[in-house]
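> Just passing along the structure, written as structure tokens.
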Amino acid sequence: MNPKVYKNGTSGEWFFPSESYILSETDDKGIILYANDLFCEVAGYTRSEILGQPHNIVRHPDMPRIAFKGLWDDIRSKGFWTGFVKNRSKDGGFYWVFATALKKTDAGGKITYLSIRTVPSREDVAKYSKLYAEWKLKE
């Protein structure tokens, strides 16, 4: 285990080093094809547990549906999306990320999605926690 990855026992929030990246790649159905070590560690799954699973295995119930609608609208129109996401870990905890998702098309036309995630500022976490809670109330 990475000594810089830790969980706040009071809140259940996981933290990871600001100089690191959580990486994953999914197919066009959202099935995880690749997950780096940090993704596995923070999400709490072994690589064999997470590969082949739908990416929404880490979707936190606090995330409003409209946030993901915006993600897919941007990917369809621009080929990428950036935003803040609260994810759920296997142990019931959570972790916040600033994410960039990119649509990739290989020479054969196969589409995959690469997600690159970093540590968001605590100010952004506070801002998006409040905003997403407001959006959830409207669902």
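> Give the residues of the stretch 63-79 that are surrounded by 11 or more Cβ atoms within 10 Å (Cβ to Cβ) and small (Gly, Ala, Ser), sorted by residue number.
Result: Ala67, Gly70, Gly79.
> Oh, and also: Out of the stretch 1-36, which residues are touching a helix residue (DSSP H, G or I) at 6+ places or on another chain (Cβ under 8 Å) and either outside any strand (DSSP E or B) or hydroxyl-bearing (Ser, Thr, Tyr) (or both)?
Those that are touching a helix residue (DSSP H, G or I) at 6+ places or on another chain (Cβ under 8 Å) and either outside any strand (DSSP E or B) or hydroxyl-bearing (Ser, Thr, Tyr) (or both): Met1, Asn2, Val5, Phe16, Ser20, Tyr21, Ser24, Thr26, Gly30.
> Could you grab the pairs with beta carbons closer than 9 Å, sequence gap of 6+ or different chains, first residue in the stretch 56-70 and among the hydrophobic types (A, V, I, L, M, F, W, C), second one in a loop (DSSP other than H, G, I, E, B)?
Once the first residue is among the hydrophobic types (A, V, I, L, M, F, W, C) and sits in the stretch 56-70, its partners that are in a loop (DSSP other than H, G, I, E, B) give Ile57/Tyr45; Ile57/Lys90; Val58/Tyr45; Val58/Ser89; Val58/Lys90; Ile66/Lys138; Ile66/Glu139.
> If I ask for residues that are loosely packed, with under 14 Cβ neighbours inside 10 Å and either closer than 30 Å to Arg76 by Cβ or free of Cβ contacts under 8 Å to residues at least 40 places away in the same chain (or both), which ones from the stretch 7-18 would you list?
Answer for the stretch 7-18, where residues must be loosely packed, with under 14 Cβ neighbours inside 10 Å and either closer than 30 Å to Arg76 by Cβ or free of Cβ contacts under 8 Å to residues at least 40 places away in the same chain (or both): Asn8, Gly9, Thr10, Ser11.
> Moving on. So, in the stretch 74-109, how many residues would count as being under 21 Å from Asn56 (Cβ atoms) and either part of a strand (DSSP E or B) or of a type outside the set (Gly, Ala, Ser) (or both)?
Selection size over the stretch 74-109: 25.
> While we're looking at this one, here's another question. Out of Tyr128, Tyr95, I need the residue that is closer than 20 Å to Gly12 by Cβ, touching an Asp or Glu at 6+ places or on another chain (Cβ under 7 Å) and surrounded by 14 or more Cβ atoms within 10 Å (Cβ to Cβ). Which one?
Exactly one of Tyr128, Tyr95 is closer than 20 Å to Gly12 by Cβ, touching an Asp or Glu at 6+ places or on another chain (Cβ under 7 Å) and surrounded by 14 or more Cβ atoms within 10 Å (Cβ to Cβ), namely Tyr95.
> Being farther than 24 Å from Ala126 by Cβ and among the acidic types (Asp, Glu) is the filter; apply it to the stretch 1-42 and report the residue that is modelled with the lowest pLDDT.
That would be Asp28.
> Looking only at the stretch 38-63, which residues are outside any helix (DSSP H, G or I) and closer than 23 Å to Phe15 by Cβ?
Within the stretch 38-63, Gly44, Tyr45, Thr46, Arg59, His60, Pro61, Asp62, Met63 meet the criteria.
> Still on this structure, I have one more. Between a residue in the stretch 39-53 that is within 20 Å of Thr118 (Cα to Cα) and any residue that is acidic (Asp, Glu) and at pLDDT 95 or above, which pairs come within a Cβ distance under 7 Å, given they are 6 or more apart or on different chains?
As it stands, the answer is Gly44/Asp91, since those pairs meet every condition given.
> Output the residues belonging to the stretch 110-139 that are part of a loop (DSSP other than H, G, I, E, B), at pLDDT below 95 and under 18 Å from Arg59 (Cα atoms).
Glu139
> A further question on this structure: Among the candidates Tyr95, Tyr21, single out the residue that is over 10 Å from the mean Cα position of the chain (by Cα) and touching a residue at least 24 places away in the same chain (Cβ under 8 Å).
Tyr21
The values are calculated or read from the model by the stated rules, or taken from the named source; none is laboratory data. Computed from a prediction, not measured in an experiment: that's the story for all the values here. Counting neighbours? That spans all protein chains shown, and the Cβs are built from the backbone with ideal geometry, glycine included.
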